[in-house]
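Remarks on the structure that follows.
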Amino acid sequence: MDAHDEYFADGMTEELISVLSNIGQLNVISRTSAMKFKVGGRTVGEIASELNVGTVLEGSVRKWDDNLRITVKLIDANSDRHLWTQSYNRKLADIFSVQTEIAERVADNLKIKLVGGESAVVKDRQTGNIDAYNLYLQGRYHWNRRTQTSLERAIEYFQKAIDIDPNYALAYSGLADSYLVLAIRPTYPTLATSQKAKQYALRALEVNSLLPEAHTSLALSLEYAWDWRGAEKEFQRAIEIKPNYSTAHHWYALLLKHLGRFDEAIHEIKLAEQADPLSHMIATAMVSLLSDAKRYDDAIERARRSLELEPNFALAHENLADVYHRLRMYNEALAETQIVVNLDPDDFYKTLLIFFQMKVGQKSIAESKAAIDHLVELSKSQYVSPRILAWFHTLVHNEEPMFSCLKRAFDEHDMQLANFRFNPDFEPYVNDARFTSLIQKMGLDPLSRAAERS
């Protein structure tokens, strides 16, 4: 397949995984882990062992003009026996019927009988328009790259898909997911961005109330609005519809952490790992959870394991640096932060690097404060998260600017404020009325009561 059409093969893989995941008796590994094996070089047995599965569905797609050639093989990993093979020579417009047929044949060959509404779900076409479908696949391709530029490209593709098919629920859910991920970034205003996501999630559910992706998107948008009960209800609904949906388990785990329910949160993130065992994002979420639960040895072990799989994953290095920082292992924190800066020379990471250089005697506190002042000045011409500024002010004990930034972050509905209750840098302030009042206004318990729940 032409590299330009890589999105189509990736997107079809994701769509087929999504369809198969609706069959209750199948435990289907999520896209992120499955795509690690897109390039050859591993045997079926090795892949099955790494993913902890008994059967592997292998395939290839060739697309030219409006023609498709799709080859699929269902292989028993223990015996390396082919349970089923099939080749399809079809027109592009037949892609929907081919996906349905593959799902049904997989179920047949695994001796699984579709029950309840599973047959209807497998046959359900989210859109009947091949052009809208193509645009949606391109949107998901860019969304999965998770950079700011790629997310903005994804929004363009999802919107074009909706322009063609205004009732394309998955495209609305894609828009919601794109804005939700952008809302986390320090360069996007949280509240305004998450409100856009909520609007698109609700529209997706108007079209299809049984779409687990949309329930998950709505849940996270409600979390941004500090509607914790509403968010939990939507996450639970998504998991009820699609029990093996890794993103729902992943994001639900983060909600439970915000609520101080660490045992439940770690249980959920483990379920996410089972569905998507090679996901870097889920692995780093586990590290963050363990660190906030003060299980630092476990957090370090999990971070190192994650970096063995992907040594250049900047967020994993950032999380490991944070664990070292909490343990006052500043030389180790400095080394990890230097790797992050090499991978992503962002002003935030550069400022963090200077802070750790100060802690090991390579920079003065004046130099560290000057770097923070640079971020403050930068925030006058471009968006810089006040939550990030609050944290940096805390590191150098600038109390008044810190509380001012916390208030601004509160006004922007930055849900990450909830995590400051578990961050040792904020320990001097957890009983300060200025801090506890913000937490309570968010509808959350202060640290002492949150800890009692976990």
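For this structure, a couple of remarks:
- Residue count, the range 217-245 (criterion: free of Cβ contacts under 8 Å to residues at least 60 places away in the same chain and under 14 Å from L271 (Cβ atoms)): 5
- In the range 432-452, the residue that is most open to solvent (accessible area, probe 1.4 Å) out of those that are in a loop (DSSP other than H, G, I, E, B) and at pLDDT below 90 is D445.
- Options L210, L202, L254: the member that is aliphatic (A, V, I, L, M), open to solvent by 20 Å² or more (accessible area, probe 1.4 Å) and free of Cβ contacts under 8 Å to residues at least 24 places away in the same chain: L202
- When each of L74, L51, L83 is tested for being of a type in the set (A, V, I, L, M), over 25 Å from T127 (Cβ atoms) and touching a Phe, Trp or Tyr at 6+ places or on another chain (Cβ under 7 Å), the lone residue that passes is L74.
- All conditions in (1) surrounded by fewer than 24 Cβ atoms within 10 Å (Cβ to Cβ); (2) modelled with pLDDT of 95 or more hold for H215, with the sole exception of (1).
- Residue within the range 419-429 that is of a type outside the set (A, V, I, L, M, F, W, C), open to solvent by 40 Å² or more (accessible area, probe 1.4 Å) and not in a helix (DSSP H, G or I) present: no
- Qualifying residue in the range 304-315 (condition: open to solvent by less than 10 Å² (accessible area, probe 1.4 Å), among the hydroxyl-bearing types (S, T, Y) and either free of Cβ contacts under 8 Å to residues at least 40 places away in the same chain or closer than 24 Å to E14 by Cβ (or both)): yes
- Qualifying residue in the range 286-308 (condition: modelled with pLDDT under 90 and more than 28 Å from I239 (Cα to Cα)): yes
- Taking the range 34-86 as the range and being more than 19 Å from S246 (Cα to Cα) and of a type in the set (K, R) as the test, the residues that pass are K38, R42, R62, K63, R69, K73, R81.
- From the options F348, F392, residue that is assigned to a helix (DSSP H, G or I) and open to solvent by less than 20 Å² (accessible area, probe 1.4 Å): F392
- The sole residue among I95, I75, I102 that is under 19 Å from T13 (Cβ atoms) and at pLDDT 85 or above is I75.
- Criterion (open to solvent by less than 30 Å² (accessible area, probe 1.4 Å), in contact with a Gly (Cβ under 7 Å, 6 or more places away or on another chain), assigned to a helix (DSSP H, G or I) and on the phi < 0 side of the Ramachandran plot) met by exactly one of A161, A176, A132: A161
For every residue, the table says whether it meets (1) within 27 Å of I339 (Cβ to Cβ); (2) touching a strand residue (DSSP E or B) at 6+ places or on another chain (Cβ under 9 Å); (3) not in a helix (DSSP H, G or I).
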{"residue": "Q199", "(1), (2), (3)": "no, no, no"}
{"residue": "H215", "(1), (2), (3)": "no, no, no"}
{"residue": "Q236", "(1), (2), (3)": "no, no, no"}
{"residue": "P243", "(1), (2), (3)": "no, no, yes"}
{"residue": "E273", "(1), (2), (3)": "yes, no, no"}
{"residue": "A285", "(1), (2), (3)": "yes, no, no"}
{"residue": "K294", "(1), (2), (3)": "yes, no, yes"}
{"residue": "I300", "(1), (2), (3)": "yes, no, no"}
{"residue": "L307", "(1), (2), (3)": "yes, no, no"}
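- Residue within the range 325-339 that is of a type in the set (A, V, I, L, M, F, W, C) and under 19 Å from the mean Cα position of the chain (by Cα) present: no
- Pick from the range 363-382, criterion free of Cβ contacts under 8 Å to residues at least 12 places away in the same chain and touching a helix residue (DSSP H, G or I) at 6+ places or on another chain (Cβ under 8 Å), ranking: least open to solvent (accessible area, probe 1.4 Å): S379
- Positions within the range 409-434 being within 18 Å of G260 (Cβ to Cβ) and touching a Lys or Arg at 6+ places or on another chain (Cβ under 6 Å), in sequence order: D414, Q416, P424
- Residue satisfying all of: in the range 179-199; polar (S, T, N, Q) and touching a Ser or Thr at 6+ places or on another chain (Cβ under 9 Å); surrounded by the most Cβ atoms within 10 Å (Cβ to Cβ) among these: S194
- Contact annotation: residue pairs with Cβ atoms under 8 Å, 6 or more positions apart or on different chains, pairing a residue in the range 330-343 that is closer than 19 Å to E310 by Cβ with a partner that is of a type in the set (K, R) and open to solvent by 50 Å² or more (accessible area, probe 1.4 Å), are V341/K350.
- Test for R295: is it open to solvent by 50 Å² or more (accessible area, probe 1.4 Å) and under 22 Å from V323 (Cβ atoms): yes
The values are calculated or read from the model by the stated rules, or taken from the named source; none is laboratory data. Computed from a prediction, not measured in an experiment: that's the story for all the values here. With ideal geometry, Cβ positions are generated from the backbone for all residues, glycine too; neighbour counts draw on all protein chains shown. Remember, those area values only see protein heavy atoms, side chains included, never the ligands or the DNA or RNA. Shrake-Rupley method; radii C 1.70, N 1.55, O 1.52, S 1.80 Å.
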